[in-house]
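Everything on this sheet refers to the single structure shown next.
The values are calculated or read from the model by the stated rules, or taken from the named source; none is laboratory data. Quantities reported herein were computed from a predicted structural model and do not represent experimental measurements. Note that we place each Cβ from the backbone using ideal geometry, even for glycine, and neighbour counts take in every protein chain shown. Accessible surface areas use protein heavy atoms only, side chains included; no ligands, DNA or RNA. Shrake-Rupley method; radii C 1.70, N 1.55, O 1.52, S 1.80 Å.
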Amino acid sequence: MRSRWLAVATALTLLTTLAACGSSDKKSPSAGKGKPAVTLGDKNFTEQYILGELYAQALRAKGYTVKIKRNIGSSEITDKALTSGQIDLYPEYTGVIATELAKLGDQPASAQDTYDKAKAFEEKRGFALLDKTPFYDADGLAVKPAYATKYKLSDIGDLKNVPGTFKFGGPPENKTRYQGVVGMQKAYGLKNIEFKPLSIGLQYKALDTGKIDVAAVFTTDAQLAGGKLTVLKDSMGIFGYQNVAPVVNKKVLAAAGPEFEATLNAVSAKLTNEAMQSMNGAVDLDKKDAAAVAKAFLDANGLL
């Protein structure tokens, strides 16, 4: 899935090749004129910065006034910003909504089931969950290939083979999430975890330098391209299904008019796994600006 990323001279070049066969029908750029200004939030890692820019720039192209509140924090913190009215919308992962925010007892059985449960939860709170993206960014666990070979690791459950404890590095919230330490313990019976809290983005360096043995990763991370790391199979499905969908205050959605929702859905429809990994790589590896990367993608897909 990720090998094509390496075959492209630059990530931004690939963004152009990922354009749709035909441009989408362009609506009037005055659709948002006279509508209330909105505040869009994003969380605290690269993919979210890109998503925030994608949605905000597409809305601005239709005449909407959009302010971005950046780098808010974890899902729990960003959700509080939404429910308190500090932001009007933000892109969220459906599995996070269903399992971490809604605190559902059972793991959803499919991507659609996850989306349906997440949508029902948001509807009850007065928020709309718009269309989900084709791409899914699940959490995962990665190790260096030599470590995997040494302890015969292919599945998360194989971490039982590691003598003593293994150092697991991930965002602080992973310590108390089912999609983290809790699920690793309950579903896989892993009692040999030594958790090391790390800010998102630092896990790869920590893995390279031996500060941790196992890293929490996102499956659309560009660093996973090329087979330099081994991603362990999640046979018990603790990381679930993580498509992205914008969560929007219903009152804001009604005031903004139908083109507001249509614009957001049009962006979401173009976001494949390959496209997101390429854009993540452009920012994380090529050190390009998230706003510029988002603009290149939107231009290539006729969304500006």
Between segment 95-122 and segment 139-207, the alpha-carbon center distance in angstrom: 24 Å
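Within 10 Å of each candidate Cβ there may be at most 13 other Cβ atoms; applying that plus a DSSP loop requirement, which trypsin sites (Lys or Arg not before Pro) in segment 196-230 survive? Kindly include the intermediate steps, with their values, before the conclusion.
Values: sites: LYS205, LYS211, LYS228; in loops: LYS211, LYS228.
In loop regions of segment 196-230 (DSSP not H, G, I, E or B), the sparsely surrounded trypsin sites (Lys or Arg not before Pro) are LYS228.
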Theoretical gain in end-to-end length, ASP299 to GLU123 [0.36 nm per residue, Cα-Cα removed]: 60.1 nm
Accessible surface, the chain, averaged per residue in Å² (probe 1.4 Å): 43 Å²
Restraint check, LYS62/LYS124; LYS103/LYS132; LYS167/LYS191, Cα-Cα greater than 18 Å: LYS62/LYS124; LYS103/LYS132
Largest to smallest principal axis extent of the C-alpha atoms in the chain, angstrom: 64, 46, 28
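Among ARG60, ARG177, ARG70, what's the order by accessible area (1.4 angstrom probe), most exposed first? Before the final figure, lay out each step's value.
Values: ARG60 100, ARG177 15, ARG70 130 Å².
My answer, sorted largest first, is ARG70, ARG60, ARG177.
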Loop-located trypsin sites (Lys or Arg not before Pro) in segment 76-139 whose Cβ has at most 10 other Cβ within 10 Å (DSSP): LYS103
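Using a 1.4 Å probe on the protein heavy atoms, what percent of the accessible area of the chain belongs to carbon and sulfur? Kindly include the intermediate steps, with their values, before the conclusion.
On the way: 6930 of 13090 Å².
Carbon with sulfur: 53 percent of the solvent-accessible area.
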Length released on extending from LYS175 to GLU76, taking residue separation times 0.36 nm less the Cα-Cα span: 34.3 nm
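Report the net charge of residues surrounding ASN71, where surrounding means a beta-carbon distance below 11 angstrom and charges are Lys +1, Arg +1, Asp -1, Glu -1. Don't skip to the end; give the middle numbers.
Numbers: positive: LYS43, LYS69, ARG70; negative: ASP42.
Cβ neighbours under 11 Å give a net charge of +2.
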